[in-house]
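Each remark here refers to the structure printed beneath this line.
The values are calculated or read from the model by the stated rules, or taken from the named source; none is laboratory data. This one's a predicted model, so the numbers in the text were calculated from it and none came from an experiment. Glycine also receives a Cβ, built like all others from the backbone with ideal geometry; neighbour counts cover every protein chain displayed. For accessibility, only protein heavy atoms count, side chains too; no ligands or nucleic acids. Shrake-Rupley method; radii C 1.70, N 1.55, O 1.52, S 1.80 Å.
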Amino acid sequence: MRFDDVLDIYRAPITQDAYTRRRDWETARRIWSGPASVQPYKTYEDRDPNNETSSTMLTAYLPVSAEPDSADRVHYNGRWYEVLGEPERWDKGRLRHVKVRLWGVTH
């Protein structure tokens with residue numbers, strides 16, 4: 001597997017007010033930056049004229065040293081993506097890696 005792409009993983013702290021708990025993405029910090037192998041997975045569109053959106057899903061393979069979380073966001077190729085589900089760690093054999101599914105929306 002070739003790690004020819006570069007991506008950044010960001011993590012935001014949880015803030016709480018009187019009504020909700022949420023991630024504060026205004027104060028997010030980069031927790032990892034490095035090489036990856038990013039590959040297309042799926043794209044689809046919502047054809048409703050009132051809500052034209054396009055979604056893109058990617059699969060990113062990261063070195064085993066990366067520690068992404070399901071609540072993180074990824075910046076790759078000038079766009080932001082959400083981590084979709086729990087990252088999968090494969091730490092056996094020669095091709096040790098972390099597999100992350102990414103999801104991004106364009107309006």
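Ser65: free of Cβ contacts under 8 Å to residues at least 40 places away in the same chain, among the small types (Gly, Ala, Ser), outside any strand (DSSP E or B) and closer than 27 Å to Thr15 by Cβ, yes or no? It is false that Ser65 is free of Cβ contacts under 8 Å to residues at least 40 places away in the same chain, among the small types (Gly, Ala, Ser), outside any strand (DSSP E or B) and closer than 27 Å to Thr15 by Cβ.
Checking every residue in the stretch 84-97 against the condition of being crowded, with 16+ Cβ neighbours inside 10 Å and in contact (Cβ under 8 Å) with a residue 40 or more places away in the chain gives at least one match. When restricted to residues that are surrounded by fewer than 11 Cβ atoms within 10 Å (Cβ to Cβ), assigned to a loop (DSSP other than H, G, I, E, B) and among the charged types (D, E, K, R), the stretch 43-55 contains 2.
Condition (residue is farther than 17 Å from Glu86 by Cα and open to solvent by less than 100 Å² (accessible area, probe 1.4 Å)) applied to the stretch 56-69: is it met by at least one residue?
First, pick out the residues of the stretch 56-69 that are farther than 17 Å from Glu86 by Cα: 56.
Now narrow it down to the ones that are open to solvent by less than 100 Å² (accessible area, probe 1.4 Å): 56.
There is at least one residue in the stretch 56-69 that is farther than 17 Å from Glu86 by Cα and open to solvent by less than 100 Å² (accessible area, probe 1.4 Å).
Report yes if some residue within the stretch 35-52 is at pLDDT 95 or above and over 18 Å from Arg101 (Cβ atoms); otherwise report no. Looking through the stretch 35-52, at least one residue is at pLDDT 95 or above and over 18 Å from Arg101 (Cβ atoms).
When only residues in the stretch 13-42 that are open to solvent by 100 Å² or more (accessible area, probe 1.4 Å) and in a strand (DSSP E or B) count, which is nearest to Leu84 (Cα to Cα)? I'd like the intermediate steps shown before the answer.
Step one: of the stretch 13-42, the residues open to solvent by 100 Å² or more (accessible area, probe 1.4 Å) are 16, 19, 21-22, 26, 29-30, 40-41.
Next, only the ones that are in a strand (DSSP E or B) stay: 16, 21-22, 29-30, 40-41.
Working: Gln16: 23, Arg21: 20, Arg22: 17, Arg29: 19, Arg30: 18, Pro40: 14, Tyr41: 12 Å.
Within the stretch 13-42, the match that is nearest to Leu84 (Cα to Cα) is Tyr41.
Residues in the stretch 2-12 that are surrounded by fewer than 11 Cβ atoms within 10 Å (Cβ to Cβ) and not acidic (Asp, Glu): Arg2 only.
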